[in-house]
Every structure is written in C-alpha cells, then in structure tokens.
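Any read-out appearing in this document is the output of simple, stated calculations on the displayed coordinates, not a laboratory observation. Keep in mind that what you see is a predicted model, and the values were worked out from it rather than measured. In this analysis, Cβ positions are derived from the backbone assuming ideal geometry, glycine residues included, and neighbour counts consider all displayed protein chains.
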Amino acid sequence: MTLGIILLFLLALFILYNILSSIRTIVKWYLGDYINTYLLVANIDPLYKEPLRKYHKYYQQLNPSDKTIFEKRVQKFINQKQFIARGMDRVTDEMKALIAGSAIQLTFGHPSVYFAHFKRILVYPDDYYSEISKRYHKGEVNMGGIIVLSWKNFAEGYINYEDGRNLGLHEMAHALRLENAVTNDEYSFLDDEIMKTWTDLCYREMEKMSNGESTFFREYAGTNSQEFFAVAVEHFFEKSQEFHDWNPKMYETLTKMLNQDPLKLGKLG
Ligand SMILES: [Zn+2]
C-alpha cells in the first residue's frame, strides 16, 4: 500500500515536471526573442557604455532605439561570462565592453543567442604561444567552451574598421557556428535551407580560390569552410558595399543567416 502511494507520488511528480518543461519550451519558443530583447535585461553600466560610444563603430551607427537594445544585450553578455586575464593584471571594463560588443554585433539579428556554450573568455595582451600547436596565436575558440583573444589584435580590428580584418568578429563567427551545432537551448538557430545555400556558395568560391581565380577574400579564407565563414563575416561588416557588389548572392545569404544587413544599419526602425 505504502509502495503504491510512493509510486503514485513519483508518477505525479514526473507528469508535473513534463508539463512544466513543455510550458517553458512553448513560452521560450514564442516569447524568447521578446523577453531577451526587452525584458529581464538591466540597463547598461555607464562604465561599459562609454567604450561602446567611443570605439564601437557598429554601435555608433545604430539608431537610438537599437542602441538601447544593443547596450542591454552587452550588459547581459558581460553578466553571463567569466573574463580571465592571462599575462596581464586584469580584464578592464573597456575590454569587457568591446569584446561583448563584438558578440552582440554578430548576433544582433538573433536576440536570444548569447553563446551559452562559451562561459569563459581568456584575454592575453598580445599574440600568445600555444603548447598544443607549438606556435603563436591571435585568438581561438575551443569546444571546451572557451573563447581566447589577444587584446592588441582585437583592438586593432575596431581601430581599423575598413580593412576586412577584425579578430573579435572572426572568433565570434567561429563561436556562432559551434553554438549552432552543440545541443543546448540555443541549438540550431540558423536556418537549415540558408545554411545549405551558404555551404554551396562557400565551396564554389573555395574551389575558385584554389584555382587562383578569386581575390576578394584574403588567402586564409581558403584554409577550410570554417575559416571561409569567419573571414566572410569580417568582410560582411567591414567591407559591406564591396562584398555586396562582388557577390550579391553570397552577401544576401549572410544577411538572411545573421538576420541583419550592415548596409541598412541605423535605417531599420
Ligand atoms: Zn579562424
């Protein structure tokens, strides 16, 4: 009799748990973007807003209401991550704001995405030596959930915002593709059809590069499809018009994938 009651109680708990998770999934599905964009997000600390205002070229071009959304998302990103200094005393507020800024720039069209898989961000002052690859790196993203950046190279990406080189956007682009592939709440947010179109365009272009035909992306893009994507993202934001004129189909596919168009920044309501 007692065993029967316990079993019944466990069954009730199991059913209740499933009902609650279904409600959570439905609410997240329908309201996730809204909640993440407008609610449950604190205003930005002025210490983080100032560096965005001074140095973040993308943020500077946004209209006032998009600026507010961007700021809140930067604050939320900073709250969720652990910033770890390597080879220097600390990761400053300015560094945190601008690193978070590059993540939010890339995901501005996907308001629910905060790179949940990547909890830690390691910052080195300059190129760092990797014991694994036995060479110097500027940045990397690993499946263990760590984003590594060298501050000197990161800062140069935003100081010189027109040369198609931006370490922050490059590494965040790697993180975005991995985030889309690992199973968690943010899993598979990039549309499958668009990804197929992208993959076709990517391999077609890499083929041309290997034959020495294309010159728009730097040679490194031909390394593999991940590097091709990361370099394409750098050009998408920094050389938007040239990219669009060179290959409108590829540019348009990226606008659909990232749900934003850098050529229309500040013009969207
Ligand atoms: Zn890379």
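Quick look at the numbers
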item	result
Dipole magnitude (debye, nearest 20) for segment 192-264, charges at Cβ of Lys, Arg, Asp, Glu	80
For segment 1-157: Kirkwood Rh in Å [reciprocal of mean 1/r, alpha carbons]	18.2
Gyration tensor (alpha-carbon) shape descriptor, segment 192-264, a/c threshold 1.5	oblate
Cα-based reach from residue 134 at 22 Å (exclusive), listing lysines while leaving out same-chain residues under 8 positions away	152
Whole-Hz ³J(HN,Hα) from phi, Karplus 6.51 cos²θ - 1.76 cosθ + 1.60, for segment 167-184, glycine and proline x	4, x, 5, 4, 6, 5, 5, 4, 4, 4, 5, 5, 4, 5, 9, 7, 7, 7
Positive-end residue, the chain charge dipole about Cα centroid, Cβ charges, pick of 183, 228, 215	183
Helix-only [θ]222 nm of the chain, DSSP H runs n ≥ 4, -39500 (n - 2.57) each, per residue, nearest 500	-19000 deg cm²/dmol
Net dipole in debye of the chain [+1 Lys, Arg Cβ; -1 Asp, Glu Cβ; about Cα centre; nearest 20]	740
Cut-off under 5 Å, modelled amide H: who pairs with residue 84 long-range	121, 122, 123
Test item: Cα-centred dipole of segment 46-174, Lys/Arg +1 and Asp/Glu -1 on Cβ, debye	340
HN-Hα J in Hz across segment 85-96 - Karplus 6.51, -1.76, 1.60, θ = phi - 60°, x for Gly and Pro	7, 10, x, 7, 5, 7, 8, 6, 4, 4, 4, 4
Of 42, 159, 25, farthest towards positive along the dipole that unit charges on Lys, Arg, Asp, Glu beta carbons give the chain	42
Cross-link partners of residue 208 among lysines (Cα-Cα below 26 Å; sequence separation of 8 or more within a chain)	196, 239, 249, 256
Cα gyration tensor shape of segment 137-226, rounded if a/c is under 1.5, else prolate or oblate by comparing a/b with b/c	oblate
